[in-house]
Amino acid sequence: QVQLVESGGGLVQAGDSLRLSCAASGRTITMGWFRQAPGKEREFVAAIRRNTGITYYADSLKGRFTISGDNAKNTVYLQMNSLKPEDTAVYYCAASSSPPYGFTYSLASAYQYWGQGTQVTVSS
């Protein structure tokens, strides 16, 4: 069983930056970030394959958001720059121990483990 603990959310102004962290308690193959705004479905943000460092992003967020990992700390980060009010959401860390071949990184149901979520609010 893998436990995920997120941190780093908060209230910022438009244009600011924020970095989220997700510490995992066990071995994972892939870790990702999803977000869910009020009244909307959970959407994929970014993912990283732990052993190779290969990253995947939602097209709409590429260039502003960066996912990275520190294998020594078993932690992944989500650096969010130039934040916009529409980035306001609960951000969830997700992890999978499934093999990478055939793994759909943008599909929430592909991940077995989830954090409790951290609120990010961007004011205009």
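The values are calculated or read from the model by the stated rules, or taken from the named source; none is laboratory data. Fair warning: this is a prediction, and the values are worked out from it, not measured in the lab. Neighbour counts run over all protein chains shown; Cβ positions are idealised from the backbone, glycine included. These accessible areas exclude ligands, DNA and RNA; they are computed on the full protein's heavy atoms, side chains included. Shrake-Rupley method; radii C 1.70, N 1.55, O 1.52, S 1.80 Å.
Some points to look at:
- Heavy-atom accessible surface of the range 40-124: percent carbon and sulfur, 1.4 Å: 48
- Residue 109 paired with residue 84, simple spin-label distance in nm, labels 7 Å along Cα-to-beta-carbon: 2.9
- Accessible area of the chain divided out per residue, in Å², using a probe of 1.4 angstrom: 51
- Between the residues 67, 82, 11, the greatest Cα displacement towards the positive end of the dipole of the chain, with unit charges on the Cβ of Lys, Arg, Asp and Glu, is found for 67.
- For a straight C-alpha distance cut-off of 18 angstrom, the lysines reachable from residue 40 (same-chain residues fewer than eight places away being disregarded) are 84.
- For the range 1-53, relative contact order (Cα pairs under 8 Å, six or more residues apart, normalised by length) works out to 29 percent.
- Annotation: aspartates and glutamates with alpha-carbon distance below 19 angstrom to residue 62 (same-chain offsets under eight excluded): 16, 43, 86, 87.
- Computed from point charges on the beta carbon alone (+1 for Lys and Arg, -1 for Asp and Glu), the dipole magnitude for the chain about its Cα centre is near 240 Debye.
- Percentage relative contact order, the chain, counting C-alpha pairs under 8 Å, at least six apart: 36
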